[in-house]
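Take a look at the structure below.
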Amino acid sequence: MIRDILIHPDPRLKKPCEPIAEVTPDIAALAADMLETMYDAPGVGLAAPQVGVLKRLFVMDCIKEGVPEPMVLINPEIISSSEDMNVYEEGCLSIPDQYAEITRPSEVTVRWMGLDGAPYERQFSGLWATCAQHEIDHLNGRLFIDNLGPLKRQMITRKMEKLKRERARGI
Ligand code: K1U
Ligand code: ZN
């Protein structure tokens, strides 16, 4: 089932999310819905708070062409980050059509729980590393625009408020 994606500003996008104690059928259904919603958008990642669920889970698939590699990461933690940094022009499904260059560590090692309840650990680089950091920020109530200066952030927020007003009026 495709779920609605919340648009900034929304208080649910600013709250830290709760850890998931165990993988229940509800969590498995949420992950399946989030993958479907991400591919439909389309996007390369999606965090649970973006669909209004304040739990520590995100999905991603950064293969743009070729064989899909859907990933579900529960309670993800960055356990190490490279000193080497990378600049990527990021977007966000909760901030449509707005992009900004964001600097982040170019490689990160992430530990998480899989849908099978088992622990996993993997080093990510390239877009996978950028996306994992962007999604973990969502789980901590942070958006990529929080890395921008106040004027740029306010300009984007005003555009999103206008977009939400227009959508509410069916424009
Ligand atoms: O979390 C999100 O809002 C999803 C976001 C993830 C992301 C994108 C770029 C850098 C870091 C994190 C997106 O997927 S935005 C859409 C996007 O980047 C994309 C869409 C279609 C094809 C390829 C990329
Ligand atoms: Zn985002």
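Quick note: the coordinates plus some simple rules give every number you see, no bench work behind them. No experiment lies behind these values; they were computed from the predicted model shown. Backbone-built Cβ (ideal geometry, glycine too); neighbour counts: all protein chains shown.
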Is any residue of segment 51-83 close enough, with backbone N under 16 Å, to a label point placed 7 angstrom from the Cα of residue 1 along the Cα-Cβ axis, and if so, which?
51-54
Using just the helices of the chain, give the 222 nm mean residue ellipticity in deg cm²/dmol: DSSP H runs with n ≥ 4 each add -39,500 (n - 2.57), and the total is spread over all residues, rounded to 500.
-9500 deg cm²/dmol
For segment 11-168, what relative contact order do you get, as a whole percent, if you take Cα pairs closer than 8 Å and at least 6 residues apart?
24
Show me 147-154, 111-118, 72-79, 7-14 ranked by packing, highest mean number of other Cβ atoms within 10 Å first.
72-79, 7-14, 111-118, 147-154
To the nearest 20 debye, what is the magnitude of the charge dipole of the chain about its Cα centre, counting +1 on the Cβ of each Lys and Arg and -1 on the Cβ of each Asp and Glu?
980
For segment 74-171, build the charge dipole from Cβ charges (+1 Lys, Arg; -1 Asp, Glu) around the Cα centre, then report which of 155, 80, 136 sits farthest towards its positive end.
155
Under the rule rounded for a/c under 1.5, else prolate if a/b exceeds b/c, else oblate, using alpha carbon gyration tensor axes a ≥ b ≥ c, segment 1-75 is classed as oblate
Vicinal HN-Hα couplings computed from phi for segment 50-61 (Karplus, 6.51 cos²θ - 1.76 cosθ + 1.60; Hz; Gly/Pro x)
5, 10, x, 10, 8, 10, 7, 8, 9, 10, 7, 7
Under 16 Å from residue 164, Cα to Cα: aspartates and glutamates that are on another chain or at least 8 residues apart
4, 10, 97
Run through every distinct alpha carbon pair of the chain and return the Kirkwood hydrodynamic radius in angstroms, one decimal place.
16.5
Give the separation of the Cα centroids, segment 59-83 to segment 26-40, in Å.
15
Filtering the chain for DSSP H helices with an axial alpha carbon extent of at least 18 Å and a Kyte-Doolittle mean of at least -0.5 returns 25-40, 126-139
Amide H to amide H under 5 Å from residue 18: which residues, 5+ apart in sequence or cross-chain, H placed 1.01 Å off N in plane?
55, 56
Can you compute the FRET efficiency between residue 10 and residue 89 using 1/(1 + (r/R0)^6), with r the Cβ-Cβ distance and R0 = 22 Å? Round to the nearest 0.05.
0.40
